[in-house]
């Protein structure tokens with residue numbers, strides 16, 4: 001499954017992301033919060049467009065009208081004690097309800113793949129704050145279990161070490177009393193050997209974060225912008241598994257969340273805001289677009 005994601009699915013998503021960058025990339029100039037609201041609104045609008053133009057709205061409207069009339073007739077039959085008519089009407093209402101449900105679901109099936117692509121683009125581009133000049137970023141490299149020795153980063157004009165450039169590859173010590181901030185700063189793979197650096201974004205531009213280990217070079221593109229821009233991809237996997245089990249696997253950048261966890265987003269950060277806006281626009285636009 002991991003191989004399928006990294007070798008098949010991820011390359012396709014990156015191609016589709018280019019199109020979405022062209023359509024929605026301008027929203028990053030407004031800041032991550034506004035960009036997430038716009039992405040959620042576009043998602044809600046897209047759901048309704050699929051429903052309106054890929055569904056039979058005339059048929060669905062007739063089904064709703066029939067169901068409303070059958071409900072009235074069913075209440076009358078029950079109130080008069082006509083069990084035979086009530087059973088017949090209930091059976092007919094069930095058939096019409098099933099047809100209405102299927103007619104509503106068919107457009108939703110067509111919308112699943114495009115909306116998933118839009119949601120993953122939003123997660124990739126808007127879940128973290130872009131890197132700004134002057135920011136300090138923690139870099140964590142994850143290694144296979146047999147790795148050891150030292151790893152180092154190569155400084156450049158835009159990325160300057162804020163600490164040691166050469167660091168040991170060791171298994172991090174467990175911190176049972178770590179607070180929420182420390183736990184949130186841990187790399188996704190915190191059980192194997194790691195190397196950590198602190199780098200400073202010196203100036204705006206497009207730069208490459210370069211990590212050297214065991215004679216190999218690993219490059220991670222990093223965009224630094226004074227305004228706009230998007231967060232770099234993280235984590236980047238270079239070697240899921242190697243025969244010798246002693247190589248670097250991936251590099252993660254511990255970035256700032258674009259939306260901090262709070263009660264109003266159900267502690268789900270960017271995802272809570274994105275889903276809330278999508279639902280508001282999804283349901284709010286239905287009557288305006290006359291969707292059954």
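Quick rundown of the values:
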| read-out | value |
| --- | --- |
| Using alpha-carbon coordinates, inclination of helix 83-126 to the longest axis of the chain, degrees | 20 degrees |
| Inverse mean reciprocal Cα-Cα distance (Kirkwood Rh) of the chain, Å | 22.9 Å |
| Segment residue 154-residue 219, extension gain: residue separation times 0.36 nm, minus the distance between their alpha carbons | 22.4 nm |
| Efficiency of FRET from Cβ geometry, residue 236 and residue 203, R₀ 22 Å, rounded to 0.05 | 0.45 |
| Centre separation in Å (Cα based) which lies between region 35-73 and region 97-114 | 10 Å |
| Packing rank of 193-205, 35-47, 144-156, where each peptide gets the mean count of other beta carbons within 10 Å, highest leading | 35-47, 193-205, 144-156 |
| Most mobile of 62, 118, 220 in a GNM of the chain (Cα contacts under 10 Å) | 62 |
| Gaussian network model of the chain, springs between alpha carbon atoms under 10 Å - residue of 249, 75, 223 with greatest fluctuation | 75 |
| Per-peptide average of other Cβ atoms within 10 Å, ordering 11-17, 252-258, 21-27, 268-274 highest first | 268-274, 252-258, 21-27, 11-17 |
| 222 nm mean residue ellipticity, helices alone, for the chain (DSSP H n ≥ 4; -39,500 (n - 2.57); rounded to 500) | -15500 deg cm²/dmol |
| Candidates 138, 64, 83, ranked by Gaussian network fluctuation over the chain, Cα under 10 Å, top entry | 83 |
| Region 1-133, Cα convex hull volume normalised per residue, Å³ | 172 Å³ |
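Laboratory data are not the source of any read-out in this text; all were calculated from the coordinates shown. Bear in mind that the values here come from a model prediction, so they are computed numbers and not experimental data. Quick reminder, even Gly has a Cβ in these numbers, built from the backbone with ideal geometry, and neighbours come from all protein chains shown.
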